[in-house]
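Engineer: For reference, the structure I am asking about is given below.
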């Protein structure tokens, strides 16, 4: 019984340690995720397609880890082609709208990557593509395996995130220059 009486005090101490901006941002993110999870009503067929899309994303990430712009362009083409073929039958209008928003961002950034021969420029577009993919995976939660949300704190005067199948860091933003630079932010 005493454990429960300490719980509110413990929560108060944790919240007091956060600045108002951090608390507010955290609460806002939680509300947004709750709202999206209420709107998202997927189905096994759609989830299976999102798992395949995630696998293509991993191929793209791996090409950038290897600093291979040709393979990255090819993976970006595959990503666009797959997005165009995703079946959305049985999705609610709300879920379809959420999917279309993510799909549009993914396709736009992948298209930019295809046109680039410079791997550094491809990595720039990969940042936005990864942000959309991270949100998509968190929203739909389409896979039954652990996906690692990872971050490098040293990308263009800031940080950049990506998803990985592997727990070990393999940095797509620096390749072999700083292969292990990064950390796991969360397991999805």
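Engineer: Go through the range 130-164 and give me each residue that's within 8 Å of the chain's Cα centre (by Cα) and under 21 Å from residue 113 (Cβ atoms).
Structural biologist: Scanning the range 130-164 gives 130, 131, 132, 133, 134, 135, 136, 137, 149, 161, 162, 163.
Engineer: Sticking with this one: Identify all residues within the range 146-178 that are part of a loop (DSSP other than H, G, I, E, B), surrounded by fewer than 14 Cβ atoms within 10 Å (Cβ to Cβ) and at pLDDT below 95; write none if there are none.
Structural biologist: Matches in the range 146-178: 156, 157.
Engineer: For the range 112-129, how many residues are touching a helix residue (DSSP H, G or I) at 6+ places or on another chain (Cβ under 8 Å) and surrounded by 16 or more Cβ atoms within 10 Å (Cβ to Cβ)?
Structural biologist: 10
Engineer: Of everything in the range 67-91 that's modelled with pLDDT of 95 or more and surrounded by fewer than 13 Cβ atoms within 10 Å (Cβ to Cβ), which residue is farthest from the chain's Cα centre (by Cα)?
Structural biologist: Going through the qualifying residues, I end up with 70.
The values are calculated or read from the model by the stated rules, or taken from the named source; none is laboratory data. What you see is a predicted model, and the numbers here were worked out from it, not measured in a lab. Backbone-built Cβ (ideal geometry, glycine too); neighbour counts: all protein chains shown.
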